[in-house]
Amino acid sequence: MRLSSTEPLSRARIVEAALRLSAEGTLEELSMRGLAEAMGVTPMALYRHVADKDDIMLAVTNERLEQQTLPSTDTPWATYLRELALLMRALLRSEPAVLGVFARRPVTVPAALARLDAAVTVLTRGGFEARDAVRAYAAVHTYTLGFCSLEFARGQRVGGHEVGLSERAAQIASFVTETQFEYGLNSIIDGLKTGVAERAIADPPALQKDASKHA
């Protein structure tokens with residue numbers, strides 16, 4: 001694919017070219033030399049605007065995250081977490097290059113941090129302590145990343161089973177299916193709901209202390 005242009009080379013243009021390649025599923029295998037060739041420039045020209053391929057991949061990831069419309073922060077926390085997971089899974093399944101970025105390193109690009117901050121806001125409003133809100137987000141986020149990584153590594157399209165498997169082998173194959181993803185996600189969220197309910201039961205003394213100030 002040829003991505004040459006008469007526009008001056010810039011970081012924005014490099015990221016735009018990478019986004020186009022990412023959408024085609026070719027960026028993960030592409031080298032800086034290959035990207036430069038596709039853009040009609042020399043590899044050294046790219047290095048005047050970006051540090052390396054990791055720099056480009058992080059920029060692509062940030063753009064893809066920013067393109068997703070997140071749920072309203074007025075959404076109940078359990079629904080919010082569930083929708084975040086579904087959005088992330090849709091992204092990771094559509095662009096393996098982005099999945100590779102998350103699998104290799106902590107992703108702290110602005111869009112990822114904004115995603116975390118919004119989730120913490122929703123969760124603390126729903127009854128979580130700030131530290132527990134981060135942990136709750138992490139539980140759902142890492143579950144989604146792990147599931148998608150296994151799904152991609154197996155090269156399995158969700159929904160079917162391989163022909164000729166024994167019953168037990170078919171059960172193992174079903175670990176990476178749409179139904180199993182939903183089951184695991186709902187189980188995590190149900191566990192978090194239980195934790196919130198238990199904290200609410202344990203908190204009355206604090207409420208009584210607060211009430212005594214107004215007695």
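Approximating the spin labels as points 7 Å out from Cα along Cα→Cβ, the residue 135-to-residue 32 distance works out to 4.2 nm.
In the chain, helices alone account for a calculated mean residue ellipticity at 222 nm of -22500 deg cm²/dmol, with every DSSP H run of four or more residues adding -39,500 (n - 2.57).
Say R0 is 41 Å: what FRET efficiency, to the nearest 0.05, do residue 178 and residue 66 get from their beta-carbon distance? Efficiency at R0 = 41 Å is approximately 0.95. About the centre of its Cα atoms, the chain shows a dipole size close to 300 debye [charges on the beta carbon of Lys, Arg (+1) and Asp, Glu (-1) only; nearest 20 debye].
Regarding region 1-66, what's the average projected area of the Cα-atom convex hull, expressed in nm²? Write out the running numbers ahead of the final one.
Working: hull surface 15.9 nm².
If I average the Cα hull's projected area over directions, I get 4.0 nm².
Rounded, prolate or oblate: which fits the chain, taking a ≥ b ≥ c as square roots of the Cα gyration tensor eigenvalues, rounded meaning a/c under 1.5, else prolate when a/b beats b/c? Here the chain falls in the oblate category. Taking max minus min of the alpha-carbon positions on each principal axis, region 10-104 gives extents of 51, 22, 20 Å, largest first.
FYI, it's all coordinate maths here, none of it is from the lab. All figures in this text were calculated on a predicted structure; none of them were measured in a lab. Backbone-built Cβ (ideal geometry, glycine too); neighbour counts: all protein chains shown.
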